[in-house]
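*Asks:* Pasting a structure here, questions to come.
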């Protein structure tokens, strides 16, 4: 049985001079203490030339002021869309976002995750270099409270399914080595199917 040749994840679909769109998707519920910082970081992502972003947030019937904060953000920034997630679970929130996403690349994000300012740009670059289903960056734990140390220790363990390219931290040079393929990747970015 022969395997079809791999195709680039990001074919040049856009006409020259036409902006390309990346969709950032995130489910949330009762994140009033974190949502503003997350939105600030997501909307400040440094994108490659020619790329724009949209931020889709599926709110799971928050009752702590999260929805009001998101509504204010969407009213002041056309890149933000707030969606309803009445079932209040992550998978239905993600499905709501995916149904509305317009980007040729989708980046899954979480409200409690700190992303580097060039995270999305690095994901886009990796998708053009590596034939992987999903790309993402190194994941480290910053758990707090009684269970924090256990969370920090368990986060970098490569468990899960699917194939993902990740950059390995290179502490000797202060940068990252070339990506390697893992059988796990938290969130990350992928081209549209």
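*Asks:* Taking the condition of being over 15 Å from residue 67 (Cβ atoms) and in a strand (DSSP E or B), how many residues in region 79-90 meet it? Before you say what the answer is, go through the steps one by one.
*Replies:* Taking region 79-90 as the starting set, the residues that turn out to be over 15 Å from residue 67 (Cβ atoms) are 79, 87, 89-90.
Of the ones still in play, those that are also in a strand (DSSP E or B) are none.
Counting residues in region 79-90 that are over 15 Å from residue 67 (Cβ atoms) and in a strand (DSSP E or B) gives 0.
*Asks:* Quick one: is residue 125 closer than 24 Å to residue 41 by Cβ and outside any loop (DSSP other than H, G, I, E, B)?
*Replies:* On the way: closer than 24 Å to residue 41 by Cβ: yes; outside any loop (DSSP other than H, G, I, E, B): yes.
Yes: the conditions hold for residue 125.
*Asks:* Further question on the same structure: With respect to residue 93, is the statement that it is exposed (fewer than 15 other Cβ atoms within 10 Å of the Cβ), in a helix (DSSP H, G or I) and modelled with pLDDT of 95 or more true? Before the answer, list the steps.
*Replies:* Working: exposed (fewer than 15 other Cβ atoms within 10 Å of the Cβ): no; in a helix (DSSP H, G or I): yes; modelled with pLDDT of 95 or more: yes.
No; evaluated as a whole, the condition is false for this residue.
*Asks:* Whether any residue in region 50-58 is in a loop (DSSP other than H, G, I, E, B) and farther than 20 Å from residue 89 by Cβ is what I want to check. Break it down stepwise before answering.
*Replies:* Of all residues in region 50-58, those in a loop (DSSP other than H, G, I, E, B) come to 50.
Checking which are farther than 20 Å from residue 89 by Cβ leaves us with 50.
Looking for residues that are in a loop (DSSP other than H, G, I, E, B) and farther than 20 Å from residue 89 by Cβ, one finds at least one in region 50-58, hence yes.
Let's see how each residue does on (1) under 25 Å from residue 135 (Cβ atoms); (2) touching a residue at least 12 places away in the same chain (Cβ under 8 Å):
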| position | (1), (2) |
| --- | --- |
| 37 | yes, no |
| 54 | yes, yes |
| 71 | no, no |
| 87 | no, yes |
| 94 | yes, yes |
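*Asks:* Can residue 27 be described as part of a strand (DSSP E or B) and under 14 Å from the mean Cα position of the chain (by Cα)?
*Replies:* Details: part of a strand (DSSP E or B): yes; under 14 Å from the mean Cα position of the chain (by Cα): yes.
Taking the combined requirement at face value, the residue satisfies it.
*Asks:* Considering region 56-69 alone, what residues qualify as being free of Cβ contacts under 8 Å to residues at least 12 places away in the same chain and within 23 Å of residue 123 (Cα to Cα)? Outline the logic, then answer.
*Replies:* So in region 56-69, the residues free of Cβ contacts under 8 Å to residues at least 12 places away in the same chain come out as 68.
Within region 56-69, no residue meets the criteria.
The values are calculated or read from the model by the stated rules, or taken from the named source; none is laboratory data. Everything numeric in this text was worked out from a predicted model, so none of it was measured. Heads up, the Cβs are rebuilt from the backbone with ideal geometry, glycines too, and the neighbour counts pull from every protein chain shown.
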